[in-house]
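Worksheet: one structure, shown below.
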Amino acid sequence: MSNRQKIAAALILLTTLASCSNREKAPSGADAASVEKPVFAVNTTTSVDGQISDYIALSGDIIAGTSVDTYSDAAGKITRVYVRVGSRVSRGDPIAAVDPSKPGMNYIESIARAPIGGTVISLPAQVGMTISQSVPLARIGGTGLETRVYVAERFISKVALNQSCDIILDAYPGDVFKGSVKEISPTVDPTSRTMEVRINVSNSNAKLKAGMFAKVRIITETKDNIVKIPGSAVITRFGETYLFTLDTDPEDPAFQVARKTIVTPGILVDGVLEVREGLKPDTEIVVKGQTLLDDGARVRVIEKTQPIE
């Protein structure tokens with residue numbers, strides 16, 4: 001081998017050794033500190049102490065609590081009608097006058113009167129009609145109103161007398177009317193597999209009218225002084241149910257880190273989750289971006305949303 005070849009081989013060997021040395025050298029000291037951890041952007045909120053209510057959502061019609069038909073004591077021709085649909089009447093008020101006279105005979109008019117106080121909701125009587133004692137002249141709805149709904153068979157065990165209810169109507173957006181379960185049918189309809197339930201409705205301001213369509217929530221369970229959070233904050237993975245809370249990074253107090261926190265969930269209502277164990281009120285939790293996190297991951301809070309009500 002010539003001298004030129006020996007020099008070239010030596011240079012190649014030195015280059016290879018230097019390259020291997022650089023690859024095997026690990027960062028330490030100041031070099032290690034310069035390697036930054038990734039930071040994840042998240043949204044957070046705060047857990048709250050409050051009340052949560054589970055319910056059955058149904059729909060039905062507003063109806064008169066009681067309704068009674070008015071009849072004449074005599075058969076004959078209607079000569080006068082004293083009321084119209086929607087009229088408020090008291091018990092004993094005149095509804096219609098009926099002339100029982102026949103050809104060659106004149107009789108005193110018979111006055112049909114309201115059997116109860118309430119509102120005239122139907123008025124078949126018309127002047128000039130000839131009626132018998134079995135023909136109703138008017139239907140009067142009592143002063144009270146109620147809602148009639150039908151509960152699916154699978155929810156029957158959750159319904160009980162006197163349970164409170166919220167009634168919502170499209171006619172009055174934002175208003176919530178209160179009621180309670182008044183009557184539960186003792187049988188289930190074999191065709192629809194539903195059970196009829198009647199609910200008293202508070203109508204102190206007289207806004208509600210018989211015939212209105214109502215959305216009803218029968219409150220089946222209410223819990224006070226519980227910790228509640230948005231249900232979206234919770235992750236269920238590999239048999240564990242957990243969420244992430246925030247803590248100060250022990251390596252650098254300028255940063256925050258996510259801490260995996262195991263929780264025991266309770267009931268979930270409209271996206272609001274009861275936490276039975278594992279979390280205290282007024283704890284900041286991650287509600288968006290948590291699926292990418294591991295315990296101890298550095299995070300940056302982009303937005304802190306208002307706690308749920």
* **Listing of strands (runs of 3 or more DSSP E) fully contained in the stretch 221-264 that carry 3 or more residues being over 24 Å from the mean Cα position of the chain (by Cα) and more than 15 Å from Val275 (Cβ to Cβ)** => 240-248, 256-262
* Asked: How many residues, within the stretch 84-110, are modelled with pLDDT under 95 and among the aliphatic types (A, V, I, L, M)?
  -> 4
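Conditions (1) surrounded by 15 or more Cβ atoms within 10 Å (Cβ to Cβ); (2) under 30 Å from Asp166 (Cβ atoms), marked per residue:
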{"residue": "Thr45", "(1), (2)": "yes, yes"}
{"residue": "Ser53", "(1), (2)": "yes, yes"}
{"residue": "Val68", "(1), (2)": "yes, yes"}
{"residue": "Arg84", "(1), (2)": "no, no"}
{"residue": "Arg91", "(1), (2)": "no, no"}
{"residue": "Pro103", "(1), (2)": "no, no"}
{"residue": "Ile108", "(1), (2)": "no, no"}
{"residue": "Ile111", "(1), (2)": "yes, no"}
* Asked: Does Gly174 fit the bill of being assigned by TED's automatic domain parsing to the domain that holds Ala206 and either in a strand (DSSP E or B) or farther than 17 Å from Asp54 by Cβ (or both)?
  -> yes
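When the stretch 238-250 is examined, which residues are found to be surrounded by 12 or more Cβ atoms within 10 Å (Cβ to Cβ) and either outside the structural domain of Ala41 (by TED's automatic domain parsing) or of a type outside the set (Ser, Thr, Tyr) (or both)?
Passing the criteria: Leu243, Phe244, Leu246, Asp247, Asp249.
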* Asked: Name the pairs whose Cβ atoms lie under 6 Å apart, with the first residue in the stretch 264-280 and touching a residue at least 60 places away in the same chain (Cβ under 8 Å) and more than 21 Å from Gly239 (Cα to Cα), the second of a type in the set (D, E, K, R) and in a strand (DSSP E or B), and 6 or more positions between them or separate chains?
  -> Val269/Asp54; Val272/Lys228
* Asked: Are there any pairs, at least 6 apart or on different chains, whose C-beta atoms fall under 6 Å, with the first in the stretch 50-69 and under 16 Å from Gly211 (Cα atoms) and the second of a type in the set (S, T, N, Q) and in a strand (DSSP E or B), and if so, which?
  -> Gly60/Thr147; Ile62/Thr147
* Structure fact -> From the option list Ile235, Ile229, Ile262, single residue qualifying as of a type in the set (Val, Ile, Thr) and loosely packed, with under 12 Cβ neighbours inside 10 Å is Ile262
* Within the stretch 157-170, restricting attention to residues that are crowded, with 16+ Cβ neighbours inside 10 Å and outside any strand (DSSP E or B), which residue is nearest to the chain's Cα centre (by Cα)? -> Leu169
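Condition check ((1) modelled with pLDDT under 95; (2) within 15 Å of Val48 (Cα to Cα); (3) out of contact with any Ser or Thr (no Cβ under 9 Å at 6 or more places or on another chain); (4) not in a strand (DSSP E or B)) across all residues:
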position	(1), (2), (3), (4)
Ile218	no, no, no, no
Gly266	yes, yes, yes, no
Ile285	no, yes, no, no
Thr291	yes, no, yes, yes
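The values are calculated or read from the model by the stated rules, or taken from the named source; none is laboratory data. Note that the coordinates shown come from a computational prediction; the quantities given were computed from them, not determined experimentally. Because the Cβ atoms are built from the backbone with ideal geometry, glycine has one as well, and the counts that use them run over all protein chains shown.
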